[in-house]
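This report concerns only the one structure given below.
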Amino acid sequence: MALLVHKYGGTSMGSVERIEHVASKVAAARARGDQVVVVVSAMSGETDRLIKLAKAIDPRPVSRELDQMIATGEQVTIAMLAIALEKMGVRARSYTGAQVAIRTDRAYNKARIRHIETERLLADCNAGIVPVVAGFQGIDDDGNITTLGRGGSDTTGVALAAALKADECQIYTDVDGVYTTDPRVEPKARRLNRITFEEMLELASLGSKVLQIRSVEFAGKYKVPLRVLSTFVDGPGTLITLDEKKTESGVEEPLIAGIAFSRDEAQLTVAGVPDRPGIAAAILGPIGDANIEVDMIVQNVGADGTTDFTFTVSRGELDRAAEVSRKVAESLGAAGIRTATDICKVSLVGVGMRSHAGIAAKMFKTLAAESINIRMISTSEIKISVVVEDKYLELAVRSLHKAFDLEQAP
Ligand code: ADP
Ligand code: ASP
Ligand code: MG
């Protein structure tokens with residue numbers, strides 16, 4: 001008998017029929033003799049709908065109240081699933097984050113889980129009752145409701161699995177595993193049987209939203225066996241593994257595990273800044289102080305004693321970043337600032353890159369052959385990212401997928 005955490009995402013919970021289908025999957029696991037704790041998302045589209053409602057009143061709603069509001073989506077689906085399970089003769093009980101006592105810090109909209117009370121959940125399991133827990137939400141020390149950031153139900157699932165010392169955390173979604181890239185952009189993408197935590201972490205942080213990045217961090221830190229599977233078709237899914245470089249057959253991992261991309265990118269250039277020491281700090285210091293995360297940075301070599309300084313931020317933060325940069329530009333006597341939002345980021349990820357040269361060159365050659373201009377480049381040991389015009393996103397992903405033979409099983 002295993003203890004499993006099942007997490008079902010928004011599409012899986014998207015209608016009465018789908019919730020009944022989820023209930024039948026939980027019932028089947030119970031019938032096999034496993035204990036199950038379930039974590040669910042809101043019905044697909046619900047969180048977006050709630051955010052839109054709040055923003056109709058104020059484009060920058062008070063963060064405490066926004067969390068109070070958007071946490072309601074999951075409160076509906078936990079009860080719906082518990083009702084469906086009970087109707088099937090499976091004993092079940094729904095819990096909000098606060099009822100479980102999923103304790104978080106106070107950072108509304110992006111709270112981090114600090115502690116989970118497991119007593120009640122374990123007592124339910126031992127009594128043959130299936131606990132159904134609301135994903136994405138928790139409670140701070142003062143009893144305020146917090147949420148964990150978009151896609152946060154994945155993190156609730158993994159954190160619960162860690163706290164309960166579950167045998168596996170199973171993330172059920174609308175694809176049957178982790179693919180070499182988003183199958184919606186490249187239909188020839190291939191499902192991976194396994195992927196290392198390191199690679200999954202990079203893919204998630206570079207834009208693959210199949211798992212929230214914090215859930216992968218959590219699973220790596222607490223060594224939670226993590227699997228991504230489909231709610232709708234049976235199959236082995238993708239196992240996220242700790243061991244590096246070896247596949248089942250003991251052969252070396254392929255060079256590239258997958259391609260991630262992100263449309264949530266904006267570029268900001270401070271033009272004509274004096275080319276002298278301290279400029280990067282003068283520009284990025286105030287950006288950091290404003291709590292804006294900077295991703296890629298390029299400073300060109302100056303010609304006439306001045307230079308352009310360019311960096312990227314997420315689109316939602318561009319206005320604030322521009323406001324801050326405009327002031328800095330003035331104080332530095334720079335020519336001014338320029339912004340662009342018609343960009344995207346495409347990244348190759350693979351632990352195999354560590355031991356291979358020439359991957360960057362092949363990437364650039366592939367993009368050049370499609371006449372795709374590269375605006376920025378950034379590399380690390382296991383990834384190469386480029387910023388290109390967003391109208392080329394699909395073309396870039398597909399041509400790289402083909403060039404690196406990702407559709408072929410290694
Ligand atoms: P859920 O609502 O179940 O949490 P999400 O929409 O958050 O589901 O995540 C699943 C989606 O992630 C898929 O439908 C797919 O379009 C997208 N996705 C992006 N990159 C990948 C990838 N490498 N492998 C599989 N799916 C991916
Ligand atoms: N409902 C939340 C969202 O849409 C959390 C989740 O689905 O994981 O972001
Ligand atoms: Mg998700």
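The values are calculated or read from the model by the stated rules, or taken from the named source; none is laboratory data. All values reported here derive from a predicted model rather than from experimental measurement. Note that we place each Cβ from the backbone using ideal geometry, even for glycine, and neighbour counts take in every protein chain shown.
Just one of Thr180, Thr147 is within 14 Å of ligand 2 (Cβ to nearest atom) and surrounded by 20 or more Cβ atoms within 10 Å (Cβ to Cβ); which is it?
Thr147 is the lone residue from the list that is within 14 Å of ligand 2 (Cβ to nearest atom) and surrounded by 20 or more Cβ atoms within 10 Å (Cβ to Cβ).
Of (1) over 22 Å from Thr11 (Cα atoms); (2) in contact (Cβ under 8 Å) with a residue 60 or more places away in the chain; (3) hydroxyl-bearing (Ser, Thr, Tyr), Thr118 satisfies all except one. Which?
It fails just one condition, (2).
What are the residues in the stretch 56-74 that are surrounded by fewer than 19 Cβ atoms within 10 Å (Cβ to Cβ) and farther than 22 Å from Arg320 by Cα, if any?
Gln68, Met69, Thr72
Every residue in the stretch 178-225 that is within 14 Å of ligand 3 (Cβ to nearest atom), in contact (Cβ under 8 Å) with a residue 12 or more places away in the chain and outside any helix (DSSP H, G or I), please.
Val178, Asp182, Gly207, Ser208, Lys209, Val210, Leu211, Gln212
Looking only at the stretch 60-86, filter to residues that are charged (D, E, K, R) and in contact (Cβ under 8 Å) with a residue 60 or more places away in the chain; which one of those is farthest from Glu17 (Cα to Cα)?
Step by step, filter the stretch 60-86, then rank; the result is Arg64.
Scan the stretch 44-65 and give yes if some residue there is out of contact with any helix residue (DSSP H, G or I) (no Cβ under 7 Å at 6 or more places or on another chain), at pLDDT below 95 and not basic (Lys, Arg), otherwise no.
yes
Looking at (1) aliphatic (A, V, I, L, M); (2) touching a His at 6+ places or on another chain (Cβ under 9 Å); (3) without any contact (Cβ under 8 Å) to a residue 12 or more places away in the chain, can you tell me which one Ile57 breaks?
Evaluating Ile57 over (1) aliphatic (A, V, I, L, M); (2) touching a His at 6+ places or on another chain (Cβ under 9 Å); (3) without any contact (Cβ under 8 Å) to a residue 12 or more places away in the chain leaves (2) as the failure.
Can you tell me which residues in the stretch 1-25 are in a helix (DSSP H, G or I) and farther than 14 Å from Asp174 by Cα?
Val16, Glu17, Glu20, Ala23, Ser24, Lys25 - these are the residues of the stretch 1-25 that are in a helix (DSSP H, G or I) and farther than 14 Å from Asp174 by Cα.
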